[in-house]
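To start, the structure under review is shown below, and the notes come after it.
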Amino acid sequence: MAHTLDEAGFTWLFDAVPDATLVVEESGRIVAANPRAEALFGWSRKELQGMKVEALIPERFRGHHVELRAQYHAAPKTRGMGDGRSVVGLRRDGSEFPAELSLSPLPEGAPNLVLVAIRDISDRHLAEDRLYRERERALVTLASIADAVITTGPTGVIDYLNPAAERLTRWTTAAALGQPLDRVLPLVSDLSGEPVESPAAVALRVGPFVPGEHVSLRLDEKLLPIAYNVAPLSDSEGRPTGVVVVFRDVVEQRRHDRRLSHEATHDSLTGLVNRAEFERRLLRAVERARVGSPATLCYMDLDRFKGVNDRWGHMAGDEVLRQAATVMSGMVRQRDTVARLGGDEFAALFENCSVDEGIPLARKIQQGVVDHRFTWHEKAFHLGISVGVVALDAESEPASLLLAADGACYASKAGGGVSVEVARLDSFPTPRD
């Protein structure tokens with residue numbers, strides 16, 4: 001027996017329900033449709049009534065739908081919208097759309113009738129597809145960048161590592177998921193050697209930050225210098241959802257920085273401290289002298305060096321300067337500084353050393369150079385060195401001290417380069433031109 005909507009007494013339902021709604025017999029025949037169903041499928045209510053419900057499904061799914069309909073009527077029960085069941089709908093114009101269904105058996109007064117609500121979820125699918133594509137694009141991007149990336153949830157538990165992070169931490173993604181960040185990324189301070197507070201905890205407390213101190217990643221017994229920054233993640237309402245940590249290996253960068261620093265402060269020929277760096281250290285020693293820490297400045301000039309250049313050329317002269325630098329460096333204490341000021345002029349700074357203590361050190365350098373057997377190819381020869389010293393005066397400027405020591409060195413050269421001359425700041429020989 002066919003049933004009508006009036007017999008079931010539910011006319012009000014079709015005008016009120018916002019979703020497309022059908023009443024369907026067990027046989028699959030549609031007995032009623034609401035205005036939203038008309039708009040969704042493109043058929044009038046009159047046309048829909050009497051159609052088989054499978055006509056609203058693409059042909060490739062119809063056989064399976066008949067089986068599902070029979071299974072449902074064998075044990076009918078209410079199934080809510082969004083319970084994970086979805087179908088593909090077919091409009092009158094042949095276009096298809098994804099849809100969700102809710103199924104509700106009608107009361108006993110309308111036996112074997114089912115109220116079917118259909119909701120077009122095309123927009124949701126588009127949004128999900130867009131999010132999926134964006135996520136895939138993000139994952140591909142993160143997988144391809146050189147920097148390591150780790151993300152965590154709001155409690156600091158890891159939920160993602162990119163391949164670079166796997167390489168640096170030596171953790172696989174599968175093993176790291178669900179682990180606390182501190183376990184996978186244990187950081188220690190290069191300054192104190194102490195563990196660094198979890199970047200996740202800091203970011204959630206203070207917001208995005210770039211650490212100001214050097215840190216290293218502890219890998220078993222090895223430390224890997226890294227640079228990193230951290231930023232919190234949040235949802236659309238500003239609630240924290242986790243953090244992202246971006247880090248990279250800076251071993252080569254630090255080597256490069258040290259190399260540049262060394263090149264800026266050292267003489268390229270001899271490897272000794274250059275004039276600019278020596279003057280900086282001399283200024284620091286003067287400042288210490290003002291608080292009672294003595295120091296002695298030593299100025300030195302190789303004797304007979306010009307003859308080497310004139311006879312065998314500049315390559316021989318360069319080799320002599322390198323050998324002289326090696327001799328001088330070997331004659332001083334570890335805390336002292338030896339520098340090449342230019343040409344064949346050198347200087348030494350004896351820190352925590354009075355002039356009386358500095359004179360023996362200067363004589364040691366002088367004797368070391370005099371005794372050294374300089375060589376160039378198969379040629380061997382000896383050189384001398386003139387030496388002048390001056391005690392650092394807390395009231396003097398570095399330039400005045402260098403001038404005084406140079407004057408004393410000139411006096412030593414005038415005397416044959418066999419003595420160490422001591423300069424007084426208020427009375428010292430006029431330096432050579």
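The values are calculated or read from the model by the stated rules, or taken from the named source; none is laboratory data. Values in this document were obtained by computation on a predicted structure and should not be read as measured data. Methodologically, a virtual Cβ is constructed for each residue, glycine included, from the backbone with ideal geometry; neighbour enumeration extends over all protein chains shown.
Per-structure values
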{"item": "One residue from 110, 138 being part of a helix (DSSP H, G or I), among the aliphatic types (A, V, I, L, M) and at pLDDT below 70", "result": "138"}
{"item": "Residue that is farthest from residue 88 (Cα to Cα), among those in region 42-58 that are in a helix (DSSP H, G or I) and free of Cβ contacts under 8 Å to residues at least 12 places away in the same chain", "result": "46"}
{"item": "Any pair with Cβ under 6 angstrom, 6 or more apart, that starts in region 189-213 at a residue that is closer than 20 Å to residue 248 by Cβ and ends at one that is at pLDDT 75 or above and surrounded by fewer than 13 Cβ atoms within 10 Å (Cβ to Cβ)", "result": "213/191"}
{"item": "Matching option when the condition is free of Cβ contacts under 8 Å to residues at least 60 places away in the same chain and in the same structural domain as residue 115 (by TED's automatic domain parsing), among 37, 33", "result": "33"}
{"item": "Selection status of residue 364, at pLDDT 95 or above, farther than 21 Å from residue 279 by Cβ and out of contact with any Pro (no Cβ under 8 Å at 6 or more places or on another chain)", "result": "yes"}
{"item": "Those residues of region 1-34 which are among the acidic types (Asp, Glu) and at pLDDT 60 or above, in sequence order", "result": "15, 19, 25, 26"}
{"item": "Given (1) at pLDDT 90 or above; (2) over 18 Å from residue 119 (Cβ atoms); (3) not aromatic (Phe, Trp, Tyr), number of the condition residue 57 does not satisfy", "result": "(2)"}
{"item": "Considering residues of region 370-398 that are more than 50 Å from the chain's Cα centre (by Cα) and in a helix (DSSP H, G or I) only, the residue surrounded by the most Cβ atoms within 10 Å (Cβ to Cβ)", "result": "370"}
{"item": "Unmet requirement for residue 65, which otherwise passes all of (1) out of contact with any helix residue (DSSP H, G or I) (no Cβ under 6 Å at 6 or more places or on another chain); (2) within 18 Å of residue 23 (Cα to Cα); (3) surrounded by 12 or more Cβ atoms within 10 Å (Cβ to Cβ); (4) free of Cβ contacts under 8 Å to residues at least 40 places away in the same chain", "result": "(1)"}
{"item": "Failed item in (1) surrounded by 12 or more Cβ atoms within 10 Å (Cβ to Cβ); (2) within 33 Å of the chain's Cα centre (by Cα); (3) not in a helix (DSSP H, G or I), with residue 277 passing the rest", "result": "(3)"}
{"item": "Residue list for region 314-338, restricted to those being modelled with pLDDT of 95 or more and among the basic types (Lys, Arg)", "result": "322"}
{"item": "Flag if residue 220 is surrounded by 11 or more Cβ atoms within 10 Å (Cβ to Cβ) and modelled with pLDDT under 85", "result": "no"}
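Table: residues versus (1) touching a Lys or Arg at 6+ places or on another chain (Cβ under 8 Å); (2) touching a residue at least 24 places away in the same chain (Cβ under 8 Å); (3) under 16 Å from residue 282 (Cα atoms); (4) not assigned by TED's automatic domain parsing to the domain that holds residue 315.
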position	(1), (2), (3), (4)
337	yes, yes, yes, no
350	yes, yes, yes, no
369	no, yes, no, no
383	yes, yes, no, no
393	no, yes, yes, no
